[in-house]
Amino acid sequence: MSGIWQDNFSFIAKNNRPSPIREMLAVIKQPGMISFAGGMPAPEVFPVDQFYEGVHILKDQGKDLLQYGTTEGYPPLKEFLASWTAPRMGRKVGPDEMLITTGSQQALDLFAWSMIDKGDYIITEDPSYLAALTVFFNHGGSFLGVPTDPDGMQVELLPGIIEKARSEGKKIKFIYTIVNFHNPGGSTMSVDRRKMLVEISKKYNIPIFEDDPYGYVRYEGEHLPSIFSFHDEGGVIYAGSFSKILSPGTRVGWVTGPKEIIRNLTVFKQGTDLCSSTITQALVAEYCVNGHLDRHLPVIIDNYRIKRDAMEKSFEKHLSPLGITWVKPQGGFFYWLKFPNVNTNDLFKKAIDKKVAFVPGDPFCPTQGSGIHNARLCYTFPSPETIEEGVKRLAEAVTELALPAVH
């Protein structure tokens, strides 16, 4: 690299952390590769025709939509979301309690700008969403990981973790949690733990970022109340996204919270992209107001449930006899597998040779080494037949890796 750039990079640029998933795309795109790696929706369920119906709005309101929009977001979309999310949020939030973002990923970045100083600590599940860890790390944050089980973050461990960290002089800025159909863990936080987390938040004066991009993609059981709905002191900020319930190409997300933190995020957004695309927001709003979102969600859910069940069946057939375990997700996109005595970084190389890809667990884990025997697999993109073949190849890779070397 030319010295003129290297010598003048910022400290953050010299020490940033790229996304391992994005970095492995070239490998995953090899001909014949079966990929369980990327968390991609199935293109066959994209509502192309229904979304196209709203294009008339460009003709009807083009002079306004082609102009700069407000940073806060397109009012009709905010009004729809406030009403649509009210059952989950416990009430209808006001316009100054919501910000439309360019995907929920931007909400994480704006929140990091608002909260993190270099050396601050963030409490997260261990494992946690890789892109959130990347954002928080690149803003100078460090992590305190909390183990998970089928009921999500083991919240009962938090008081001890918080008190120990504070006794060591560590400053904890917030708790980050993916409550429904966790990425990558697949678990869902129980209602009792949600309530306990709120009490801990209030006792220790630590706010919560509730990330919920998958919550509306539930295959069985009842929807659970948000942590936001339990916190009577306004200590929670909640992020949602259209990426998994409409399409990731819209790049439309939203974040809800007390007006003081939403105002802070809005100011940082002014300096980031001025506003999210008004055209895209208007198209999404038109799609939603016409009832297409509510009609289409069952289509998405049915498609993904079939694939989840296909992967579960394949796991039971090919992986369970090898001692591999997992949590069956009630919704969302992912399985989190545990491979006893197998380093999944080594397994990834062996699997790639067999033309099947997954994401090794280590990058998802804030505690170094805690994911070395884990892997994340996504089931939403491939067909059930492809899932069966891919899991079969993965089992072959595990078996071969466990065989003693022949001398």
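Points to keep in mind about this one:
- Residues satisfying the stated conditions in segment 150-175, i.e. assigned to a strand (DSSP E or B) and over 21 Å from residue 378 (Cβ atoms): 153, 172, 173, 174, 175
- Members of segment 372-393 found to be free of Cβ contacts under 8 Å to residues at least 60 places away in the same chain, touching a Phe, Trp or Tyr at 6+ places or on another chain (Cβ under 8 Å) and surrounded by fewer than 24 Cβ atoms within 10 Å (Cβ to Cβ), listed by number: 373
- Test for residue 286: is it more than 19 Å from residue 65 (Cβ to Cβ), of a type in the set (Asp, Glu) and at pLDDT 95 or above: no
- Output for segment 138-160, where each listed residue is out of contact with any Phe, Trp or Tyr (no Cβ under 6 Å at 6 or more places or on another chain) and more than 28 Å from residue 331 (Cβ to Cβ): 138, 139, 140, 141, 159, 160
- Residue satisfying condition, being modelled with pLDDT of 95 or more and open to solvent by less than 40 Å² (accessible area, probe 1.4 Å), within set 213, 225: 213
- Contact annotation: residue pairs with Cβ atoms under 8 Å, 6 or more positions apart or on different chains, pairing a residue in segment 46-71 that is of a type in the set (Asp, Glu) with a partner that is open to solvent by 50 Å² or more (accessible area, probe 1.4 Å), are 53/290.
- Candidates 32, 38, 94 - the one that is modelled with pLDDT of 95 or more and either on the phi > 0 side of the Ramachandran plot or not charged (D, E, K, R) (or both): 94
- Close pairs (6 angstrom Cβ cut-off, 6 or more residues apart or separate chains): assigned to a loop (DSSP other than H, G, I, E, B) in segment 334-361, open to solvent by less than 10 Å² (accessible area, probe 1.4 Å) and of a type in the set (Gly, Ala, Ser) anywhere: 354/397; 358/37; 358/375; 361/371; 361/375
Rundown of residues vs (1) of a type in the set (A, V, I, L, M); (2) on the phi > 0 side of the Ramachandran plot; (3) not in a helix (DSSP H, G or I), yes/no style:
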{"site": "122", "(1), (2), (3)": "yes, no, yes"}
{"site": "128", "(1), (2), (3)": "no, no, yes"}
{"site": "136", "(1), (2), (3)": "no, no, no"}
{"site": "147", "(1), (2), (3)": "no, no, yes"}
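- Segment 321-333 - residue that is in a loop (DSSP other than H, G, I, E, B) and surrounded by fewer than 23 Cβ atoms within 10 Å (Cβ to Cβ) and, of those, modelled with the lowest pLDDT: 327
- Residue match in segment 71-84 (condition: in a helix (DSSP H, G or I), farther than 25 Å from residue 270 by Cβ and modelled with pLDDT of 95 or more): yes
- Some residue of segment 52-69 being within 24 Å of the chain's Cα centre (by Cα) and either closer than 17 Å to residue 208 by Cα or crowded, with 19+ Cβ neighbours inside 10 Å (or both): no
- Unmet requirement for residue 280, which otherwise passes all of (1) over 30 Å from residue 381 (Cβ atoms); (2) open to solvent by 10 Å² or more (accessible area, probe 1.4 Å); (3) touching a helix residue (DSSP H, G or I) at 6+ places or on another chain (Cβ under 6 Å): (1)
- In segment 229-277, of all residues being among the basic types (Lys, Arg) and crowded, with 22+ Cβ neighbours inside 10 Å, the one that is farthest from the chain's Cα centre (by Cα) corresponds to 269.
- Taking segment 109-131 as the range and being surrounded by fewer than 23 Cβ atoms within 10 Å (Cβ to Cβ) and over 19 Å from residue 235 (Cα atoms) as the test, the residues that pass are 117, 118, 119, 126, 130, 131.
- Listed by first and then second residue, the pairs with beta-carbon distance under 6 Å, at least 6 apart or on different chains, first residue in segment 303-325 and under 14 Å from residue 383 (Cβ atoms), second aliphatic (A, V, I, L, M) and part of a helix (DSSP H, G or I), are 303/45; 310/387; 311/387; 314/387; 314/391.
- Failed criterion for residue 361 (all others in (1) open to solvent by 40 Å² or more (accessible area, probe 1.4 Å); (2) small (Gly, Ala, Ser); (3) in contact with a Gly (Cβ under 7 Å, 6 or more places away or on another chain) hold): (1)
- Residue within segment 189-207 that is under 29 Å from residue 377 (Cβ atoms), of a type in the set (Val, Ile, Thr) and open to solvent by less than 20 Å² (accessible area, probe 1.4 Å) present: no
The values are calculated or read from the model by the stated rules, or taken from the named source; none is laboratory data. Because the structure is predicted, anything quoted here is derived from the model rather than measured. Neighbour counts run over all protein chains shown; Cβ positions are idealised from the backbone, glycine included. Heads up: the accessible areas ignore ligands, DNA and RNA and are worked out on the full protein's heavy atoms, side chains in. Shrake-Rupley method; radii C 1.70, N 1.55, O 1.52, S 1.80 Å.
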